[in-house]
Amino acid sequence: MIVQPLVFVTVGSDHHRFDRLMEWTEDWLASVGGNVECVVQHMTSRLPLGAQGQQMYARDQMLDLMRNATVVVGQGGPGTIMDARSSGRLPVVVPRLSRLSEAVDDHQVAFTRRLAKDGYVKVAESVAALRAELDSALAEPSAYTVVDGRNDISGTIARFGSMVENLVERGTERRPHHHQPTHRLDIRRR
């Protein structure tokens, strides 16, 4: 029995659709002609042709899929990155874009570029880049693994993710402003 490489793709748990990643995945799957097994957690996005999956996996199932995957592809959120790395995988990430209604802002772009610069993720910002990373992962799976915990930054990623989420929430909340000025204007008669 021939065991095919497993590609696990996740859009995370965000409610925004991420059909761009699903289309790019489908495009790549068509190019490899069924020589891989692709499992997708797609949430509100459509399931790519050639893949199997469901909207959401239980956390333990998702972590098992990550551990058993040849390569993990995901959105550029800190939770996805942290889970992939703690499962021993160097993730390929596609940052969500606000102009495509995939997220409320573009924080994932700067975040993933910074992590890629330090070697913690591989970033794919185009369909060509994703295809190249997936082809590379199949050709050299060991290059997409995290061998030991010395380079594990999951705690830092989690803290950064919480900070970003808090900032985004504050920016989108519409609270009445009851702030009193702390200084007085000096109005002099002339």
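Annotations
- Some residue of the range 83-90 being of a type outside the set (S, T, N, Q), on the phi > 0 side of the Ramachandran plot and outside any helix (DSSP H, G or I): yes
- Extreme residue, nearest to Ser13 (Cα to Cα), among residues of the range 57-69 that are out of contact with any Phe, Trp or Tyr (no Cβ under 7 Å at 6 or more places or on another chain) and either surrounded by 14 or more Cβ atoms within 10 Å (Cβ to Cβ) or touching a residue at least 60 places away in the same chain (Cβ under 8 Å) (or both): Tyr57
- Filtered residues of the range 108-134 (kept if over 21 Å from His42 (Cα atoms) and surrounded by 14 or more Cβ atoms within 10 Å (Cβ to Cβ)): Phe111, Arg113, Leu115, Ala116, Tyr120, Ala132
- Meets criteria (crowded, with 22+ Cβ neighbours inside 10 Å and of a type in the set (Ser, Thr, Tyr)) for Thr44: no
- Members of the range 61-98 that are more than 26 Å from Asp135 (Cβ to Cβ) and modelled with pLDDT of 95 or more: Gln61
- Counted residues, the range 87-104 - those being within 24 Å of Gly119 (Cα to Cα) and not aliphatic (A, V, I, L, M): 6
The values are calculated or read from the model by the stated rules, or taken from the named source; none is laboratory data. Note that the coordinates shown come from a computational prediction; the quantities given were computed from them, not determined experimentally. Reconstructed Cβ throughout: ideal geometry from the backbone, glycine too, with neighbour counts over all protein chains shown.
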